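Here's the structure we're looking at; comments come further down.
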Amino acid sequence: VQLQASGGGLVQAGGSLRLSCAASGRTVSGSAMGWFRQAPGKERVLVAVVNGNGGSTYYGDSVKGRFTISRDIAKNTVYLQMNSLEPEDTAVYYCAARRGSAYSMFPSSYDYWGQGTLVTVSS
């Protein structure tokens, strides 16, 4: 499975961005997928994850109410809509997929990773 993330960029605080992650190589329709982020000098942490059928999601505390994860199973793609962005959201955002259908909050549980897309939020 190859994951291609896109949509990052520079935005002012309070603005919005939408990240996309397209999977290729094989279908990920039954696989949990998610977004994680890593700021300079910090560990990779959970942003949002979604289960295999898209019916269940989980968000990191710092993004609840601002970010929304969704997936289009037919397109083999997962999205992250980010609203009310804050400078603290600045990081490289990675999409990930795991073989199981249940999501996990832990990066080590994911088997496939995209290359990352940089999000920079200016104050």
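Numbers below:
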| quantity | calculated |
| --- | --- |
| Heavy-atom accessible surface of the chain: percent carbon and sulfur, 1.4 Å | 49 |
| Local electrostatic count at CYS95 - Lys and Arg +1, Asp and Glu -1, tallied over other residues with Cβ under 11 Å | +2 |
| Potential lengthening between ARG26 and SER62 on full extension [0.36 nm per residue; Cα-Cα distance subtracted] | 9.7 nm |
| Sparse-neighbourhood loop sites, trypsin sites (Lys or Arg not before Pro) in segment 55-108 - DSSP loop, at most 10 other Cβ within 10 angstrom | LYS64 |
| For segment 1-66, alpha-carbon Rg over 2.2 N^0.38 Å | 1.24 |
| For the chain: accessible area per residue (Å², 1.4 Å) | 48 |
| Sites ASP72 and LEU10, calculated FRET efficiency, Cβ-Cβ separation with R0 25 Å, nearest 0.05 | 0.45 |
| Cα-centred dipole magnitude for the chain, charges only on beta-carbon of K, R (+1) and D, E (-1), debye, nearest 20 | 300 |
| Overall Cα dimensions of segment 28-81 - principal axes, largest extent first, Å | 36, 21, 15 |
| Binned Cα-Cα distance frequencies in the chain - 5 Å width, integer % | 2, 13, 24, 27, 19, 10, 4, 1, 0 |
| In order through segment 17-32: 3J(HN,Hα) via Karplus (6.51 cos²θ - 1.76 cosθ + 1.60), integer Hz, x for Gly, Pro | 9, 10, 8, 10, 9, 9, 9, 9, x, 7, 5, 10, 4, x, 9, 5 |
| Residues with amide H under 5 Å from that of GLY116, placed H, sequence gap 5 or more | ALA5, CYS95 |
| Options GLY65, GLY100, GLN115, ranked by Cα towards positive dipole end of the chain, top entry (Cβ charges) | GLY100 |
| Relative contact order (%) - criterion: Cα under 8 Å, at least six apart; region: the chain | 36 |
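The values are calculated or read from the model by the stated rules, or taken from the named source; none is laboratory data. Nothing here was measured: the structure is a model prediction, and the numbers come from that model. A quick note on method: Cβ atoms are made from the backbone with ideal geometry, for glycine too, and the neighbour counts reach across all protein chains shown. With ligands, DNA and RNA removed, areas are computed over all heavy atoms of the protein, side chains included. Shrake-Rupley method; radii C 1.70, N 1.55, O 1.52, S 1.80 Å.
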